[in-house]
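Report on the structure given below.
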Amino acid sequence: MTILHRTAIALTLAATSAALPAFAENIEAGPIWNQGHANQVCPAVAQAHGGEWTGHWWTTVPNEMSVCQIQMPARTVEAGPIWNQQHAEQVCPAIAHSHGAEWTGHWWTTVWNEMSVCQIR
């Protein structure tokens, strides 16, 4: 493989990674009493989980538990060569699980016959 070919692949990966969508997750934050309290608690919860607070929160158990809605970025992990969708459905969920994540259903080949990636969140 030429240096030009590897550079083109690297640029494609960089562009693809930057365009990955974020996914909202509801993360428990203990009791939140009002919007002012949410403005203090939820950004910290988001930061602790590597995401960004959407501004939304709600109480799930009165006086006990509230959740903050957090945008969690999707990311890719290398998976070795993946040959087709059926193979991806075998490989990617296991890889996602090993990262404490879930597979988004997306995968692609980055280096033909050598490397593919699974998108996880």
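The values are calculated or read from the model by the stated rules, or taken from the named source; none is laboratory data. Values in this document were obtained by computation on a predicted structure and should not be read as measured data. Cβ sites come from the backbone with ideal geometry, for glycine too, and all protein chains shown count toward neighbours.
The one condition from (1) over 21 Å from the mean Cα position of the chain (by Cα); (2) farther than 30 Å from Gln35 by Cα; (3) of a type in the set (Ser, Thr, Tyr) that Ser98 does not meet is (1). In this entry, Gly105 is excluded by the filter for residues that are free of Cβ contacts under 8 Å to residues at least 24 places away in the same chain and either part of a loop (DSSP other than H, G, I, E, B) or touching a Cys at 6+ places or on another chain (Cβ under 7 Å) (or both). Among the residues of the range 1-56, what is the count of those that are assigned to a loop (DSSP other than H, G, I, E, B), at pLDDT below 50 and surrounded by 13 or more Cβ atoms within 10 Å (Cβ to Cβ)? Adding up the residues that qualify gives 1.
The C-beta contact set for the range 74-87 (first residue of a type in the set (Asp, Glu), second residue outside any helix (DSSP H, G or I), distance under 7 angstrom, 6+ apart or interchain) comprises Glu78/Met115; Glu78/Val117.
Taking the stated definitions as given, is Thr59 within 15 Å of Ile120 (Cβ to Cβ), among the hydroxyl-bearing types (Ser, Thr, Tyr) and part of a strand (DSSP E or B)? Even if it seems obvious, please write down each step before you answer.
On the way: within 15 Å of Ile120 (Cβ to Cβ): no; among the hydroxyl-bearing types (Ser, Thr, Tyr): yes; part of a strand (DSSP E or B): yes.
Taking the combined requirement at face value, the residue does not satisfy it.
The lone criterion from (1) assigned to a loop (DSSP other than H, G, I, E, B); (2) without any contact (Cβ under 8 Å) to a residue 24 or more places away in the chain left unmet by Asn113 is number (2).
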